[in-house]
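Here's the structure we're looking at; comments come further down.
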Amino acid sequence: MNPTPYLFFNGDCREALELYADVFDAKIEAMMTFAEMPPSEEYPIPDDRKDWIMHGAIQWSDGGMLMASDNAMANSDAMAGNSISMALPTVEAGREAFDRLSQGGEASMSYGPTFWTPGFGTVADRFGTRWMISTSAPFPDA
């Protein structure tokens with residue numbers, strides 16, 4: 001059994017999932033809008049939010065998934081106390097993912113070598129999603 005992170009956004013879920021799918025070469029599996037769900041008197045969706053994502057999912061090449069949606073009430077806080085950890089196969093792939101996620105975001109630990117891996121960094125992207133980007137590559141022989 002593998003846990004699946006489920007992220008909530010306030011209107012930019014589509015943009016976030018498209019970025020993550022592109023950065024990590026993942027496949028978008030679902031992108032359903034609020035307009036596609038049956039109408040509900042109990043949970044009415046404002047007209048200006050009907051194109052927001054009710055449910056979205058991307059599939060990593062190794063079988064893992066990331067799911068997300070927009071909060072129709074637009075009151076979701078950015079991630080706090082959580083990060084998504086991604087280990088890429090090479091130092092260069094890790095750096096590229098880190099650099100792309102950093103655009104418009106804020107790095108809290110620059111990507112570089114540590115005592116446990118030749119590439120690691122932490123960043124909150126422009127959507128507020130927090131990432132721990134590392135590499136599973138071994139240290140080069142000294």
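The values are calculated or read from the model by the stated rules, or taken from the named source; none is laboratory data. Predicted model, so just to flag it, every value in this text is computed and none were measured. Don't worry about glycine lacking a Cβ; one is built from the backbone with ideal geometry, like all the others, and counts go over all protein chains shown. Heads up: the accessible areas ignore ligands, DNA and RNA and are worked out on the full protein's heavy atoms, side chains in. Shrake-Rupley method; radii C 1.70, N 1.55, O 1.52, S 1.80 Å.
Residues of segment 71-99 with the amide nitrogen closer than 17 Å to a label point 7 Å from the Cα of Tyr43, along Cα-to-Cβ, please.
Those under the cut-off are 71-77.
Relative to the longest principal Cα axis of the chain, at what angle does helix 13-23 sit, 0 to 90 degrees, rounded to 10?
30
Using a Förster radius of 30 Å, what is the FRET efficiency between Asn2 and Lys50 based on their Cβ-Cβ separation? Nearest 0.05, please.
Efficiency, from the Cβ-Cβ distance: 0.40.
Taking 1 over the mean of 1/r across every pair of different Cα atoms in segment 1-103, what Kirkwood radius in Å do you get?
Taking every pair of different Cα atoms in segment 1-103, averaging 1/r and inverting gives 14.9 Å.
Within a Cβ distance under 10 Å of Asn10, other residues only, what is the Lys/Arg minus Asp/Glu net charge?
-2
Relative to the longest principal axis of the chain, what angle (0 to 90°, nearest 10) does the C-alpha long axis of helix 91-102 take?
That helix lies at roughly 40 degrees to the long axis.
So how do 36-47, 66-77, 119-130, 15-26 stack up, highest first, on mean other-Cβ count within 10 Å?
Highest mean packing first, the order is 119-130, 15-26, 66-77, 36-47.
Report, to the nearest whole %, how much of the accessible area of the chain belongs to carbon and sulfur atoms, 1.4 Å probe, protein only.
52
Can you work out the accessible area per residue across the chain, with the rest of the protein chains kept in place, probe 1.4 Å, in square angstrom?
Per-residue accessible area for the chain comes out at 59 Å².
Net charge near Met65: determine it from the other residues with C-beta under 14 Å of the C-beta of Met65, scoring Lys and Arg +1 and Asp and Glu -1.
On the way: positive: Lys27; negative: Glu29, Asp62.
Its environment carries a net charge of -1.
From the phi of every residue in segment 29-37, what ³J(HN,Hα) in whole Hz does the Karplus formula 6.51 cos²θ - 1.76 cosθ + 1.60 yield, where θ is phi - 60° and glycine or proline is x?
Couplings: 9, 8, 7, 9, 8, 5, 5, 7, 8 Hz.
If you take every DSSP beta bridge fully contained in the chain, what fraction is antiparallel? Give it as a percent rounded to 5. Walk me through the numbers on the way to the answer.
On the way: 19 of 28 bridges.
About 70 percent, rounded to the nearest 5.
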